Amino acid sequence: MLPSVSISRRVAVPLLLILLALSAQGQQSYVTRFDAFAGYAYLNSPHVSLAENGFQTQFGVRPWTWMSIGFDYSLSQGDLTLTPNLLLPSIQQTLGAVLAQLAAAGKLPPGYSLVVPASSTTQTFAGGPQFAFRHWKPITLFIRPSCGIIKETATPHPGDPIATLITQQLAPSGEKRDNVIFYGFGGGIDLLFSKHFAARIQADFVHDHLFSDLLTDSRNTVRFSIGPCFNFGKNIVKK
């Protein structure tokens, strides 16, 4: 027990000192009317092995110091992997029958496993409120509901003739496109270097069901972003 208590104290004591130091600096006395952010974004949907890199931008208006109303847009590109277990049961049954026929004809390699990699492009459009906590001068904490529209384009890249034949049936045009409403929550922190400049670190967790005509399950998606934030406009703090 003694080692764990010692480690806990080593973590808790510095954290407590940091919080006390921040509290000593008092609340923020200068909050601008507008803010704008642009930075790197990483989007991940583990259920379909989706990993994308891109950028995110935001613009907000502050009616009050504790709330902003704004718009959020992100664009990212990467790769995902499709396997039969992700597909609708009806499609799985059809695929099973096709593979069985190929096996009976001796055209299915022993131990064959259908895996189709695909490249993807994802856009998100969101808007709404963001709630801020400004108790400390050097940092601003914020949370927000996350809802909007997500658009995704997936282009399959089959690696063998069998996968090519199947993907031609599932995506005759050579790609699949869809857009749906998503919902979730997000939040982050602004590290304030001056009245008008900060570094923003944030994340959003959302739920959606893209390609519902093909995929049997909805999925959870996480987006992480980091970059500069610019604050401008008059000071709205009431004195």
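The values are calculated or read from the model by the stated rules, or taken from the named source; none is laboratory data. Remember, predicted model here, so these are calculated numbers, not experimental data. Glycine also receives a Cβ, built like all others from the backbone with ideal geometry; neighbour counts cover every protein chain displayed.
Quick rundown of the values:
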{"read-out": "Failed criterion for LEU214 (all others in (1) under 21 Å from the mean Cα position of the chain (by Cα); (2) in contact (Cβ under 8 Å) with a residue 12 or more places away in the chain hold)", "value": "(1)"}
{"read-out": "Contacts under 9 angstrom Cβ, first residue in the stretch 169-194 being farther than 30 Å from GLN28 by Cβ, partner outside any strand (DSSP E or B) and of a type in the set (S, T, N, Q), 6 or more apart", "value": "GLN169/THR94; GLY174/THR167; GLY174/GLN168; ASP178/SER212; VAL180/SER212"}
{"read-out": "The stretch 66-88, subset hydroxyl-bearing (Ser, Thr, Tyr) and at pLDDT below 95, residue farthest from LYS176 (Cα to Cα)", "value": "THR83"}
{"read-out": "Residue within the stretch 151-174 that is closer than 23 Å to PHE55 by Cα, among the basic types (Lys, Arg), assigned to a strand (DSSP E or B) and touching a Lys or Arg at 6+ places or on another chain (Cβ under 9 Å) present", "value": "yes"}
{"read-out": "Failed item, numbered, when ALA163 is tested on (1) surrounded by 15 or more Cβ atoms within 10 Å (Cβ to Cβ); (2) at pLDDT 95 or above", "value": "(2)"}
{"read-out": "Which listed residue is crowded, with 19+ Cβ neighbours inside 10 Å, of a type in the set (D, E, K, R) and out of contact with any Ser or Thr (no Cβ under 6 Å at 6 or more places or on another chain), from LYS137, LYS151, LYS195, LYS176", "value": "LYS176"}
{"read-out": "Search result, residues across the stretch 183-233 that are of a type outside the set (A, V, I, L, M, F, W, C), in a strand (DSSP E or B) and under 20 Å from TRP66 (Cα atoms)", "value": "GLY186, GLY187, GLY188, ASP190, ARG200, GLN202, ASP204, ASN231, GLY233"}
